[in-house]
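Below is one structure; the comments refer to it alone.
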Amino acid sequence: RVALASELSIHGSPWPRSMLDHEHAFERGAGRPPRPHQTRCIRAVCAALSQDCAGHTPSNYLVQHATGSGKSLTIAALAHALTCMTDSRGNKFSLVLVVSDRSVLDDQLSATLERFLANHESAPRTERAESCKHLSRVIEEAQASISGTSTRVVVTTFQKTAVDRPDDGAEEEEEPVEAAAQSEVDEEEEE
């Protein structure tokens, strides 16, 4: 059974109460009304997540859009909807992670999300994961967060999600060239 959109709870009331409410929220964030496929996408994902949260095994979801169909705005509206969702026990998502495959898309999505969320008073600000280490810290903080705290929206590229990737060094100083050269000399002397 798939949950109906009217069974979802956002800020204590069903979301969307009507198609008109949802379209108003989209238009407020995007500055234009949603296209029908954008509305269907957000409603379907939220309904599936609502059902999935009650289960023991989470599912994976795939949303496909054609070129020029409003993917970035759909992602922004979906991120906004997810920051507002609560389950029957009052739990919220602690993190909405928006992942792209190129830095150009990362920039575009970040800007779109910032503009969209800025038009909603209760929405969180958008953050960017600057390194693997930073993303790891954000995820750890989200996993440790107490239910009911505000949801974070973080934009990143999938390259920063690699588990076995060595530290990207974004927060470490590089070893001075002289010290590296001395280390090579010391190794040669030991042989």
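The values are calculated or read from the model by the stated rules, or taken from the named source; none is laboratory data. As the structure is a prediction and not an experimental result, all values here were calculated from the model. Quick note on the areas: whole protein, heavy atoms, side chains included, nothing else; ligands and nucleic acids left out. Shrake-Rupley method; radii C 1.70, N 1.55, O 1.52, S 1.80 Å.
Between the alpha-carbon centres of the range 31-63 and the range 92-142 there is a gap of 18 Å.
Residues whose amide H comes within less than 5 Å of that of V96, counting only those at least five positions distant or on another chain, are R152, V153, V154 (H built at 1.01 Å from N in the peptide plane).
So, with a 1.4 angstrom probe, what is the percent of accessible area on the range 35-163 that is carbon and sulfur? Could you put the intermediate results ahead of the total?
Details: 3810 of 7090 Å².
Here carbon and sulfur together make up 54 percent of the probe-accessible area.
Mean sequence separation of contacting Cα pairs (under 8 Å, at least six apart), scaled by the length of the range 32-133, corresponds to a relative contact order of 24 percent.
How big is the C-alpha Rg of the range 39-120 next to the rule-of-thumb value 2.2 N^0.38 Å, as a ratio? Can you show the working numbers first?
On the way: Rg = 13.5 Å, N = 82, 2.2 N^0.38 = 11.7 Å.
The reported ratio for this selection is 1.15.
The calculated pair-distance distribution of the range 95-137 uses every alpha carbon pair, bins of 5 angstrom beginning at 0, and gives 5, 20, 29, 25, 14, 6, 0 percent.
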